[in-house]
1. Treat each spin label as a single point 7 Å out from the Cα along the C-beta direction, and report the A:LEU39 to A:SER244 distance in nm.
2. For A:VAL196, enumerate residues with amide H under 5 Å from its amide H, sequence gap 5+ or separate chain, H modeled in the peptide plane.
3. Going by alpha carbons, how many degrees (0 to 90, nearest 10) lie between the helix axis of A:63-75 and the longest principal axis of chain A?
4. What full-extension length gain, to one decimal in nm, is calculated for A:LYS220 and A:ILE201 as 0.36 nm per residue of separation minus the Cα-Cα distance?
5. Using unit Cβ charges (K, R positive; D, E negative) and no other charged atoms, how large, in debye to the nearest 20, is the dipole of chain A about its Cα centre?
6. Tell me the per residue accessible area of chain A using a 1.4 Å probe; a whole number in Å² is fine.
7. If the cut-off is a Cα-Cα distance under 16 Å, which aspartates and glutamates reach A:LYS271, setting aside same-chain residues fewer than 8 apart in sequence?
8. With a 1.4 Å probe and all protein chains left in place, how much of the accessible area of chain A comes from carbon and sulfur atoms, in whole percent?
Amino acid sequence: MVNNIYIAKIFNEYADLIEIEGANRFHVNAYRNAAYNILNLPKSVEDMIREGRDLTEIPGIGKELAEKISKIVETGSFPKFEELTGRMPLELIEITKIRGLGPMRTASLYKELGIKSIKELEKAAAEARIRSLRGFDSKLGQAIIEGIKQREVAKKRFKLSLAQSIAQPLVEYLKACEGVKEEEIAGSYRRGRETVGDLDIRAVPQVSYGAALCYFTGSKEHNVALRQLALEKGYEYLAVSDHSKRLTVARGLNIERLARQIGEIDILNEKLDGIVLLKSIEVDINTRSSHRENGKHEGAL
DNA sequence: AGGCTGTACTG
DNA sequence: CAGTAC
DNA sequence: GCCT
DNA sequence: TGCTG
DNA sequence: CAGCA
């Protein structure tokens, strides 16, 4: 049985290998993107084929990849992948995952020193042999040795509950630190994922807090989509439409915070060139409200 | 044909 | 500037 | 390689 | 409308 | 998507 996970894995491995080989990066990315989409498909690709569906319907899958998927489902692999794995060790991919070692340096290690496994890498690093390569120095060599040790530990994800028990005291500590105005744990932790890979700590100037929080909360796919949309829109305007206090799960704005947000946006509009910030708030209309209190900020909006 | 997220850090 | 990480 |  | 770049 | 048949 060839499931989606398997297909995605093959594509990811293929992407890694051709990347080490020096393939065009967009080309590489097409495979990664395809793998991602297949992995998140609510339907089994195998079933789709059985039903005679066109695999090209899957986002990120074109004629070429549809063909390769068919081959994978039929035979468990596809010709180019077989050819590649016959020529390159799959373990190079593991090397790629060590901090500081991307596709280029991995390729260099392989070509120049014949390093094709973590074991060999560890040995070469310990013997300071890798320093001879361009782009390597003793500091990187040390980092690699550390990275190999850390590798096993780092690749495990934690359950959210465990992450919380670690994050909570961390936040308390940060709060007490000099110069810390606001703090929040971002990433998959903030998105409430079931498991969390790490807790990134990052300090930014206060003016960047909002943007940084958006970016570091992610996910990566969200960020990519968000920016692509912004690009398509040509940066003409950006709308900030918040919730009122009624929506407690979103920590909606009360009158005071709304006023402050309006002020902030007005100031930004003065400074910004080429993009207009729009502002609004989504509210409930209560038939019995006087409309006077709530209308206070209508003009500003 | 032409774009594909965008930026900081490190060697 | 190239390579890498996020 | 895929997408517009 | 369908194909090409 | 723009350009073209």
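1. That separation, rounded to one decimal, is 4.2 nm.
2. For A:VAL196, the qualifying residues are A:PHE158, A:LYS159, A:LEU160.
3. Helix A:63-75 sits at roughly 60 degrees to that axis.
4. On the way: separation 19, 0.36 × 19 = 6.84 nm, distance 1.70 nm.
Result for the pair: 5.1 nm of gain on full extension.
5. Numbers: 47 positive and 44 negative charges, 120 e Å.
The dipole magnitude comes to about 580 debye.
6. Numbers: 20560 Å² over 301 residues.
On a per-residue basis, 68 Å².
7. A:LYS271 reaches A:GLU236.
8. Numbers: 10840 of 20560 Å².
It is 53 percent, rounded to a whole number.
The values are calculated or read from the model by the stated rules, or taken from the named source; none is laboratory data. Small disclaimer: the values here were computed from a predicted structure and weren't measured. All Cβ positions, glycine included, derive from the backbone under ideal geometry; neighbour counts span all protein chains shown. Ligands, DNA and RNA are stripped out before the accessible areas are found, and what is left, the full protein with its side chains, is counted by its heavy atoms. Shrake-Rupley method; radii C 1.70, N 1.55, O 1.52, S 1.80 Å.
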